[in-house]
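Structure, as structure tokens:
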Amino acid sequence: MAIRIDGKALAARVKERAAAGGRTLRRAPGLAVILVGEDPASRVYVSGKERDCAECGFLSFEHELPAQTEERELLRLIGRLNADPAVDGILVQLPLPKHMDEKRVLDAIAPDKDVDAFHPVNVGRLVIGEPVFLPCTPAGVMEMLHAYDIPVRGKRCVVLGRSNIVGKPMAMLLLQADGTVTMCHSRTPDLAAITREADILVSAVGRAGLIGADMVKEGAVVIDVAMNRDAEGKLCGDVDLAAVEPKASYITPVPGGVGPMTRAMLMQNLLTAAKWHQAEE
Ligand code: L34
């Protein structure tokens, strides 16, 4: 029977660490959170991030814009926040409304305030192994592996999903930890043959029930990054937890797994940004 990785408890520890770091600074780190439109899930995640800031003794500045806001207005707001010395980090919650060009918006965030690590400069830094900010979700997964003394070196790691937010940076971090990494996606034939080879399996697809026991090797570490709703509307990941749990060595639940860790790593990035900014003052 797998050990359940407790993302909630671990996130609390990461946040305490960030809070302690913040107390050594001259002023509290400040996060600007931009939410465009009324996606209910985004609303929940953004509220969580603001609560995390408060818990850490950090400031948060919320900017709620209506769904029909014009892109140039959002770009103007980002420009103002880039220049605002009280703002150490800027987070534009995704997804954006369809009429906006996500890439243009994310590229407008100053790299030194890009606490999501989505800007090409920060992606590039990650790829060459010199990151300033770590992308929150993959960094949260690495923190979980580390906290449970799960080695990555030499292990077969399989990442499902190739998004810029999760799949690609996840593969990069596992690679930098000396894992042997395979990436799978919607065009990968015979997925199960590959996932069954994994010592560490990370699923970030977004399809409830995708990972059954037949796709998992005995004793594998199974990390579920997805946030889906099942037929009854209950929150779940890609992994059929009941089926896979007896076979895995470690497993992350949804909720209470990677989600809270994503938010905790954001606090760590915000602290990093604030340290940089205050060292320059
Ligand atoms: N810019 N947009 C930007 N940065 C991000 O890092 C995100 N993401 C994803 C969506 N858009 C983003 C998040 O923050 C997903 N995501 C996220 C963050 C937190 C949680 C889930 C997804 C989370 O806290 N999940 C809780 C359950 C929350 C609930 O009850 O709905 C959990 O225990 O998993």
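Name the residues in the stretch 252-269 that are within 7 Å of the ligand (Cβ to nearest atom), closer than 14 Å to Phe58 by Cα and touching a strand residue (DSSP E or B) at 6+ places or on another chain (Cβ under 8 Å), would you?
Once the filter is applied, which keeps residues that are within 7 Å of the ligand (Cβ to nearest atom), closer than 14 Å to Phe58 by Cα and touching a strand residue (DSSP E or B) at 6+ places or on another chain (Cβ under 8 Å), the stretch 252-269 yields only Leu266.
Of the residues Leu235, Leu271, only one is within 30 Å of Asp114 (Cβ to Cβ) and touching a Gly at 6+ places or on another chain (Cβ under 7 Å); which?
Leu271
Any chance the stretch 227-234 includes a residue that's touching a helix residue (DSSP H, G or I) at 6+ places or on another chain (Cβ under 8 Å) and at pLDDT 95 or above? Before the answer, list the steps.
Quick first cut of the stretch 227-234, residues touching a helix residue (DSSP H, G or I) at 6+ places or on another chain (Cβ under 8 Å) only: 227.
Those still in the list that are at pLDDT 95 or above too: 227.
Within the stretch 227-234, one or more residues are touching a helix residue (DSSP H, G or I) at 6+ places or on another chain (Cβ under 8 Å) and at pLDDT 95 or above.
Could you please find all residues in the stretch 135-180 being β-branched (Val, Ile, Thr), away from the ligand (no atom under 13 Å from the Cβ) and in contact with a helix residue (DSSP H, G or I) (Cβ under 7 Å, 6 or more places away or on another chain)? Walk me through how you get there before you give the answer.
Step one: of the stretch 135-180, the residues β-branched (Val, Ile, Thr) are 137, 141, 150, 152, 158-159, 165-166, 180.
Pick out the ones that are also away from the ligand (no atom under 13 Å from the Cβ) and you get 150, 152, 158-159, 180.
Scanning the stretch 135-180 gives Val152, Val158, Val159.
Considering the stretch 224-235 alone, what residues qualify as being within 10 Å of the ligand (Cβ to nearest atom) and within 26 Å of Cys157 (Cβ to Cβ)?
Answer for the stretch 224-235, where residues must be within 10 Å of the ligand (Cβ to nearest atom) and within 26 Å of Cys157 (Cβ to Cβ): Asp224, Val225, Ala226, Met227, Leu235.
Check whether at least one residue in the stretch 248-257 is modelled with pLDDT of 95 or more and assigned to a helix (DSSP H, G or I), and report yes or no.
Checked the stretch 248-257: no residue is modelled with pLDDT of 95 or more and assigned to a helix (DSSP H, G or I).
How many residues does the stretch 227-258 hold that are touching a residue at least 40 places away in the same chain (Cβ under 8 Å) and surrounded by 15 or more Cβ atoms within 10 Å (Cβ to Cβ)?
Of the residues in that region, 14 qualify.
Please enumerate the residues belonging to the stretch 202-214 that are surrounded by 18 or more Cβ atoms within 10 Å (Cβ to Cβ) and either without any contact (Cβ under 8 Å) to a residue 24 or more places away in the chain or touching a Lys or Arg at 6+ places or on another chain (Cβ under 8 Å) (or both).
Ala208
Yes or no: Asp199 of a type in the set (Asp, Glu) and either in contact (Cβ under 8 Å) with a residue 40 or more places away in the chain or exposed (fewer than 15 other Cβ atoms within 10 Å of the Cβ) (or both)?
Yes.
Only one of (1) of a type outside the set (A, V, I, L, M, F, W, C); (2) assigned to a loop (DSSP other than H, G, I, E, B); (3) within 19 Å of Arg156 (Cα to Cα) fails for Asp214. Which number is that?
That leaves (2) as the condition not met.
Restricting to the stretch 91-137, and then to whatever is touching a residue at least 12 places away in the same chain (Cβ under 8 Å) and among the β-branched types (Val, Ile, Thr), can you tell me which residue is surrounded by the fewest Cβ atoms within 10 Å (Cβ to Cβ)?
Within the stretch 91-137, the match that is surrounded by the fewest Cβ atoms within 10 Å (Cβ to Cβ) is Val127.
Which of the residues that make up the stretch 237-247 are within 22 Å of the chain's Cα centre (by Cα) and either near the ligand (Cβ under 10 Å from one of its atoms) or in a loop (DSSP other than H, G, I, E, B) (or both)? Steps first, please.
Looking only at the stretch 237-247, we keep the residues that are within 22 Å of the chain's Cα centre (by Cα), and these are 237-241.
Residues satisfying the conditions are Gly237, Asp238, Asp240.
Please go through the stretch 162-194 and give me each residue that is among the acidic types (Asp, Glu) and either more than 14 Å from Gly129 (Cα to Cα) or surrounded by 14 or more Cβ atoms within 10 Å (Cβ to Cβ) (or both), ordered by number.
Matches in the stretch 162-194: Asp190 only.
The values are calculated or read from the model by the stated rules, or taken from the named source; none is laboratory data. Please read all numbers here as calculations on a predicted model, not as lab measurements. Neighbour counts run over all protein chains shown; Cβ positions are idealised from the backbone, glycine included.
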